[in-house]
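Presented below is the structure to which this report refers.
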Amino acid sequence: RKPISLPRLAQLHASGEKITMLTAYDATFAAVADAAGVECLLVGDSLGMVCQGLPSTVGVSLEAMRYHTESVSRGLHKVQATAWLIADLPFGSYHQSPEQALHSATALMQAGAHMVKLEGGGWTAPTVRFLVERGIPVCAHLGLTPQTVHALGGYRVQGRDDAGAEQLRRHALELQDAGAAMLVLEMVPAALSASLTAELPRCATIGIGAGRGTAGQVLVLHDMLGVNLGKNPKFVRNFMQEAGSVRGAIEAYVRAVKDGSFPDDALHAW
Ligand code: KIV
Ligand code: NA
């Protein structure tokens, strides 16, 4: 397998082959996920909850993101990995100015990321353009954006009413125009994410709780392995139950995303 690149991701997107993504926070799981065939690994700021025991992603620092990105990157280099490595810009690290975002993104790129992800639409478009113009690939993130959970009033489905859906569509188109090559859609109605996907030829949509109509899927690794304290979000499938090993579970996830059997409609009531 050849290392995944932006052109390769664009090719997958154009061909209609589903793109697979999982979170990774450490060297060993990163290498296992890569060997299991996951195309994109996301050092998500969900590591705040998964690794640090924080109540939300709001408390995650840039230094924590840098540390985990470096660990994941090292794990990948050890095994001549192929995965495309995305790292989250944490809360407060890109909000002040495009220059602040560049400074933060530089730290993650130098830790081994190939792309950075940031949350939100509207005000973020100039920042995305600023980073992309300077050679930093960007993944956007709309719908339920966990860093703004306190403003949103909880972890709930977004874009449900006409006004919300229209705003989401406008933000998505602006982000594509700004040069975002990927867009995570989290907890968005399936019909909306499917129609957005068709309207974004240059920006691959990656869904989580957004139905099956996106260009790809992402899950939190620990959730899909059934390793967590609380109850899983409704859109998660436990792949460990069927597979019996971590490697097997991740391979089953890749197969299920590729053949369209994950997510199924039962996992997605909105
Ligand atoms: O931090 C994270 O894990 C994420 C994904 C759920 C998209 O942003
Ligand atoms: Na995140």
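The values are calculated or read from the model by the stated rules, or taken from the named source; none is laboratory data. Worth saying up front: this structure is predicted, and the values here are computed from it rather than measured. So basically every Cβ, Gly included, is an ideal-geometry build from the backbone, and we count neighbours across all protein chains shown.
The C-beta contact set for the range 167-179 (first residue in contact (Cβ under 8 Å) with a residue 12 or more places away in the chain and on the phi < 0 side of the Ramachandran plot, second residue of a type in the set (D, E, K, R) and assigned to a helix (DSSP H, G or I), distance under 7 angstrom, 6+ apart or interchain) comprises L173/E199; A178/R129. Within the range 98-126, the set of residues being of a type in the set (V, I, T), more than 21 Å from E166 (Cβ to Cβ) and within 16 Å of ligand 2 (Cβ to nearest atom) comprises V116 only.
Which residues, taken from the range 137-174, are part of a helix (DSSP H, G or I), touching a Leu at 6+ places or on another chain (Cβ under 8 Å) and within 16 Å of ligand 2 (Cβ to nearest atom)? The answer is L152, and nothing else. Filtered by the rule that a residue be among the hydroxyl-bearing types (S, T, Y), within 16 Å of ligand 2 (Cβ to nearest atom) and closer than 18 Å to S71 by Cβ, the range 1-56 gives T23, Y25, S46. Looking across the range 103-152 at every residue that is within 16 Å of ligand 1 (Cβ to nearest atom) and at positive phi, the one that is surrounded by the fewest Cβ atoms within 10 Å (Cβ to Cβ) is identified as G120.
Within the range 236-267, the residues that satisfy the criterion of being among the acidic types (D, E) and more than 19 Å from M187 (Cα to Cα) are E242, E251, D259. Being within 16 Å of ligand 1 (Cβ to nearest atom), acidic (D, E) and surrounded by 14 or more Cβ atoms within 10 Å (Cβ to Cβ) is not true of E174.
Condition check: more than 14 Å from ligand 2 (Cβ to nearest atom), within 15 Å of E186 (Cα to Cα) and either modelled with pLDDT under 95 or not acidic (D, E) (or both). Does R134 satisfy that? So R134 does not fit the description; no.
Each residue in the range 155-166 was checked for being away from ligand 1 (no atom under 16 Å from the Cβ) and surrounded by fewer than 16 Cβ atoms within 10 Å (Cβ to Cβ), and 5 pass.
Yes or no, residue by residue, for (1) within 17 Å of the chain's Cα centre (by Cα); (2) of a type in the set (D, E); (3) at pLDDT below 95:
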| position | (1), (2), (3) |
| --- | --- |
| E39 | yes, yes, no |
| D45 | yes, yes, no |
| Q52 | no, no, no |
| G59 | no, no, no |
| A64 | no, no, no |
| Y67 | no, no, no |
| S73 | yes, no, no |
| H77 | no, no, yes |
| L85 | yes, no, no |
